[in-house]
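Inspection log for the structure reproduced underneath, given as structure tokens.
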Amino acid sequence: MVRFSEEDSKSEPLQPLTHLAPGKILRRNPLKPNEFHGLLVLDKPAGITSRDAVDRAQRWFPRGTRLGHAGTLDPLATGVLVLCVGHATRLIEYVQNLGKVYQTTIRLGARSDTDDADGNLTVTPEARPVSREQIEAALIGFLGEIEQVPPAFSAARVSGRRAYELARQGATVELQPRTVRIDAIAIGRYQWPELDLEIRCGKGTYIRS
């Protein structure tokens with residue numbers, strides 16, 4: 001797992017090794033783009049897009065090295081972002097089809113105007129605490145293949161543009177339902193109004209509350 005540092009955005013491409021110690025010289029030809037192939041697992045921090053993460057990682061490789069990410073994490077999300085390098089970019093579709101696991105904390109009894117923690121929160125006055133059993137019963141309805149409308153504040157594309165770009169401009173964003181798959185939902189810590197969940201799902205699933 002590779003973690004970004006504050007200096008990553010300023011770093012230069014990797015340079016070939018030219019010396020080990022005084023009196024010991026090691027020379028070789030500069031690294032070429034076609035010498036790098038494989039998967040690179042990043043620990044994406046909050047506050048940057050998946051595209052930003054790819055652009056930073058691109059600086060670690062010689063100019064011309066192909067790089068792509070398998071799946072997209074929201075800017076506020078942290079965790080595993082798989083990069084495919086060189087010939088491995090042919091595997092992006094297959095990596096995307098692998099299952100995903102999300103861990104999230106939900107605030108019950110309130111709404112966000114962006115459906116996530118980045119938005120303005122409005123508490124629902126009539127909301128009352130519910131039992132763990134009631135939550136379990138409600139979550140059953142989300143298991144299996146379901147139809148989900150992507151949130152307006154998401155990376156889904158509308159007429160060639162990201163939905164969140166239009167939403168931030170105040171435009172009305174209309175997205176069509178998509179079939180997604182939820183394999184399992186596990187309840188963790190629950191203390192009203194906060195609920196921790198672990199969700200195992202397929203590609204294209206948006207985790208919102």
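Since every read-out is calculated from the coordinates, none of them should be taken as a lab result. As the structure is a prediction and not an experimental result, all values here were calculated from the model. Note: ideal-geometry Cβ built from the backbone for every residue, glycine included; neighbour counts use all protein chains shown.
Net charge around V158, counting only other residues with Cβ within less than 10 Å of its Cβ (Lys, Arg = +1; Asp, Glu = -1)?
Details: positive: R157, R161, R162; negative: E165, E174.
Charge balance in the 10 Å sphere: +1.
Under 5 Å between amide hydrogens, which residues at least 5 positions from V158 or on another chain qualify, with H placed 1.01 Å from N in the peptide plane?
Hits under the 5 Å cutoff: A163.
With the contact rule set at Cα under 8 Å and sequence spacing of 6 or more, what percent relative contact order holds for the stretch 112-181?
Reported relative contact order: 29 percent.
Sort the stretch 86-209 into rounded, prolate or oblate with this rule: let a ≥ b ≥ c be the square roots of the eigenvalues of the Cα gyration tensor; rounded if a/c is under 1.5, and if a/c is not under 1.5, prolate when a/b is larger than b/c, oblate otherwise.
Details: a/c = 2.20, a/b = 1.26, b/c = 1.75.
It is oblate, given that a/c is not under 1.5 and a/b is not larger than b/c.
Using the Karplus equation 6.51 cos²θ - 1.76 cosθ + 1.60 (θ = phi - 60°), what ³J(HN,Hα) coupling, rounded to whole Hz, does each residue of the stretch 106-119 give in order, writing x for Gly and Pro?
Using θ = phi - 60°, the values come out as 10, 9, 7, x, 7, 10, 10, 6, 10, 6, 8, 6, 7, x Hz.
Going by a ≥ b ≥ c, the root eigenvalues of the Cα gyration tensor, does the stretch 155-209 fall in the rounded group (a/c under 1.5), the prolate group (a/b larger than b/c) or the oblate group?
Judged from the Cα gyration tensor, the stretch 155-209 comes out oblate (a/c at least 1.5, b/c at or above a/b).
At R0 = 30 Å, how high is the FRET efficiency between D52 and R128 if r is their beta carbon distance? Nearest 0.05 is fine.
Details: r = 41 Å, r/R0 = 1.37.
The pair D52/R128 has a calculated efficiency of 0.15.
Give, in nm to one decimal, the length gained when the segment between R59 and A186 is fully stretched (0.36 nm per residue of separation minus the Cα-Cα distance). Mind showing how you got there, number by number?
On the way: separation 127, 0.36 × 127 = 45.72 nm, distance 3.87 nm.
Residue separation times 0.36 nm, minus the Cα-Cα distance, leaves 41.9 nm.
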